[in-house]
Amino acid sequence: MASRDPVADLRRIAFLLERANEATYRVKAFRSAAAAVAKVPHAELAERAGAGTLAKLAGVGEVTARCVTESLAGEEPVYLRRLLSTKGTDLPAEAAALRAALRGDLHVHSDWSDGGSPIEEMALAAAELGHEYFVLTDHSPRLTVARGLTADRLRRQLDHVAKLNEQLPDGFRILTGIEVDILDDGSLDQEDELLARLDVVVGSVHSKLRDDSARMTRRMLAAIANPHLDVLGHMTGRKVAAAGAGDAAHRTARTRPPSTFDLEKVLAACVEQDKAVEINSRPDRLDPPKRMLTVAVEAGCRFSIDTDAHAPGQLDWLGNGCERAALCGVSADRVVNTWPADRLLAWTGSHG
Ligand SMILES: [Zn+2]
Ligand SMILES: [Zn+2]
């Protein structure tokens, strides 16, 4: 039998595990093995597979060595076959149509902040999914637990992205961005000059989520009025118990109720300033809740359907958001990431 590509098989396994919401560190073994195996010539791999010494390579363990051996023998690795047989179900028709209309993702993290993979790995996975673009939105400085980027590191990231964009497959580009913290007073946690340079700015509340309603409303309105902000990220900050993320007790312990604010005022401000409300597709967020999403549709808001991916396989979570959007009556023409990149940039540019 002709040999399969062991690197592609290992990457595929990692992708499917991430998609299933497995912790990034558990997936790491497959990504490290893929990187290690990619550096070894085919002849040496075949020799090692025959001699049973693949696991002696740095970055390759017993499980990943078995996958490589099967792959080289032309067999679909058992590990991969098992994952493929448990793949998710198909989306309902309306959600599937919305998913098909999406051209990109406006909320994506890399290992520059708290993501698990390099930017290029995220970009490659997005291109393979058929995206035309994503916006790289690593965290801002005050979110130290997530290794938020200082102004200097963000400047370096912008140079790096410019170089990467020259090497990426045709038809895909990385747009520059940030998930900037909305601070206590509603100001944004990055230098104005930098925010102005970025293609897309997603603003999110990550601290003092229990602020009283009046205070939280003031804070959100100030952020929405900031000309740099384009998208309001995971608006309620809630955390729900997501399937696949550890045991049930652990999942429940990590839930968080939505924050409270004047929804009508916040939505009206988004409409008036022509900013988008994010529909966050993370299984542990699914934010905003459906009842609020319905109100936002009635208010006439624009939306962006995003994954908030922290690993390549999570880029495939857009279906979650599309399913909820379709249920709540969001039409494709209200969703800014159904637009080609140029139209998207004209829209963010219109915010000043
Ligand atoms: Zn966030
Ligand atoms: Zn995020």
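The values are calculated or read from the model by the stated rules, or taken from the named source; none is laboratory data. Since this is a predicted model, take the numbers as computed values, not measurements. Glycine gets a Cβ as well: all are built from the backbone with ideal geometry, and neighbour counts include every protein chain shown.
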Selection over the stretch 168-183 where residues are more than 16 Å from ligand 1 (Cβ to nearest atom) and touching a residue at least 12 places away in the same chain (Cβ under 8 Å) yields a count of 8
Count of residues meeting criterion [part of a helix (DSSP H, G or I), out of contact with any strand residue (DSSP E or B) (no Cβ under 8 Å at 6 or more places or on another chain) and at pLDDT 95 or above] in the stretch 133-154
3
What residue, of GLY130, GLY115, is of a type outside the set (D, E, K, R), in a loop (DSSP other than H, G, I, E, B) and exposed (fewer than 15 other Cβ atoms within 10 Å of the Cβ)?
GLY130
Given (1) part of a strand (DSSP E or B); (2) over 30 Å from GLU18 (Cβ atoms), ASP211 misses just (1)
Here is a list of conditions, (1) touching a helix residue (DSSP H, G or I) at 6+ places or on another chain (Cβ under 6 Å); (2) polar (S, T, N, Q); (3) crowded, with 20+ Cβ neighbours inside 10 Å, and GLN273 meets all of them except one; can you say which number that is?
(3)
Failed item, numbered, when ARG291 is tested on (1) in contact (Cβ under 8 Å) with a residue 12 or more places away in the chain; (2) away from ligand 1 (no atom under 16 Å from the Cβ); (3) among the charged types (D, E, K, R):
(1)
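Residue-wise test of (1) touching a residue at least 24 places away in the same chain (Cβ under 8 Å); (2) small (Gly, Ala, Ser).
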{"residue": "ASP9", "(1), (2)": "yes, no"}
{"residue": "ALA29", "(1), (2)": "yes, yes"}
{"residue": "VAL60", "(1), (2)": "yes, no"}
{"residue": "ARG81", "(1), (2)": "no, no"}
Here the residues within the stretch 1-27 that are surrounded by fewer than 16 Cβ atoms within 10 Å (Cβ to Cβ) and within 20 Å of GLY115 (Cβ to Cβ) are ALA23, TYR25, ARG26
